[in-house]
Amino acid sequence: DGPGEGDHFASVTEGLRGHKARHNLAVMYLEMHREAEAEVEWQKALEEEPLFLSAQAGMGEVYLRLKRWDELEDRARRMEALGREGELHAEALRGRAHLERGEAAAARWGLGRACERFPDSLTLRVLHSHAALKEGLDREAEAALLAVLDLAPSHAEARQNLAVLRARRRLKPGEEITLAGLFAASCARDDDAAGPLTALRDLARGCQRVVQFGAGAGEVTTALLMGRPGELVCCDRARAPELDLLEALAGKTKFEFRLADQRLDDEMDLLVVSDPTLASIRRVLERSVTTALRLVIVHGPNDVDHSDSGLVAAGFRPAGGGRPVAGLSVWERNGSRG
């Protein structure tokens with residue numbers, strides 16, 4: 001005979017009361033900040049299944065929130081006994097405990113060693129970056145954030161932290177991150193920086209749409225945004241984290257990023273090429289066919305010969321009778337305005 005109706009409901013009841021159900025209930029309690037009830041449910045789950053790692057980790061989370069440090073360390077040791085995955089959870093728990101207690105140096109040291117053992121753990125990499133940032137070690141923090149982005153290039157928090165870290169490095173201590181501040185810092189970088197960047201800012205003024213190829217880490221982009229064009233389209237092989245920050249600082253300028261291999265048939269007032277090699281200019285001309293293009297700026301040394309770049313064949317001529325403009329090669333389409 002097969003199982004009867006009573007047996008069926010008995011199994012359903014057992015499933016509802018099993019260690020996984022208790023775990024789910026504990027998670028719900030924890031989300032409601034009812035740590036005591038969560039602890040009870042996880043303890044019952046572990047009585048049923050002592051090797052259930054999720055419940056062990058949940059108990060560690062309770063102890064972390066309640067700052068019960070001795071019990072937290074005991075729970076970390078129990079997780080270590082459950083194999084490699086348990087060891088990873090234990091290292092993350094210890095690192096978070098150090099950070100919660102304000103022990104940034106200890107957290108960075110321990111998490112750094114853990115990252116060597118578990119190089120593909122995104123959780124450990126992120127925690128390691130938090131520790132380096134809290135300790136105020138810019139170079140170590142940058143390396144840790146880059147390691148996070150190697151595993152997860154779109155990790156929003158790491159991208160933001162890296163962009164802010166690099167921006168603050170360029171500013172005075174305590175200075176607020178603003179577009180004007182970043183522009184001033186770029187201009188003050190060396191004696192040759194201010195002229196080209198200021199000229200780019202001025203050229204972008206009054207433009208409805210500006211397109212930039214080769215956005216890189218954003219110095220040229222910052223200058224263009226300072227000109228307050230109606231729209232700025234940045235094209236590159238990949239989007240640097242600095243562009244995320246600049247987009248947030250763009251104000252009324254509509255900011256858009258596109259991959260460099262996308263074709264541009266849109267109207268534009270100004271085209272800026274940050275990579276001045278002849279090959280890159282030819283590629284840009286092939287991908288940006290538009291009748292509304294009035295001006296091309298090639299950011300690079302004044303003595304670069306662009307006669308074979310395809311600019312003349314595309315209908316451009318040197319602006320101002322060929323006179324250089326502050327470290328930029330400026331070209332105008334024949335018949336363009338101004």
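The values are calculated or read from the model by the stated rules, or taken from the named source; none is laboratory data. This is a predicted model, so every value here is computed, not measured. So basically every Cβ, Gly included, is an ideal-geometry build from the backbone, and we count neighbours across all protein chains shown. Just the protein is used for accessible areas: all its heavy atoms, side chains included, with ligands, DNA and RNA removed. Shrake-Rupley method; radii C 1.70, N 1.55, O 1.52, S 1.80 Å.
A few notes on this one:
- Heavy-atom surface analysis with a 1.4 Å probe gives the range 168-217 a carbon and sulfur content of 51 percent of its accessible area.
- Full extension of the chain between residue 160 and residue 146 gives 3.9 nm of extra length, using 0.36 nm per residue less the Cα-Cα distance.
- Gyration tensor (alpha-carbon) shape descriptor, the range 145-284, a/c threshold 1.5: oblate
- Local electrostatic count at residue 99 - Lys and Arg +1, Asp and Glu -1, tallied over other residues with Cβ under 12 Å: +2
- As a rough guide to protection, the peptides 227-240, 189-202 ranked by mean Cβ packing within 10 Å, highest first, stand as 227-240, 189-202.
- Largest accessible area first, the residues 52, 316 order themselves as 52, 316 under a 1.4 Å probe with ligands, DNA and RNA left out.
- Sites residue 36 and residue 217, calculated FRET efficiency, Cβ-Cβ separation with R0 35 Å, nearest 0.05: 0.10
- 30 Å Cα-Cα threshold exceeded, pairs from 67/172; 20/67; 44/67; 44/134; 172/254: 67/172; 44/134
- Contour excess over end-to-end distance, with Cα ends at residue 117 and residue 28 and 0.36 nm allotted per residue: 28.8 nm
- Most positive-pole-ward Cα, 185, 206, 161, against dipole of the range 160-224 from beta carbon charges: 161
- Using a probe of 1.4 Å, the accessible surface attributed to residue 130 totals some 50 Å² when neighbouring protein chains are kept in position.
- Residue-span extension gain [residue 178 to residue 100] - 0.36 nm each, minus C-alpha spacing: 25.0 nm
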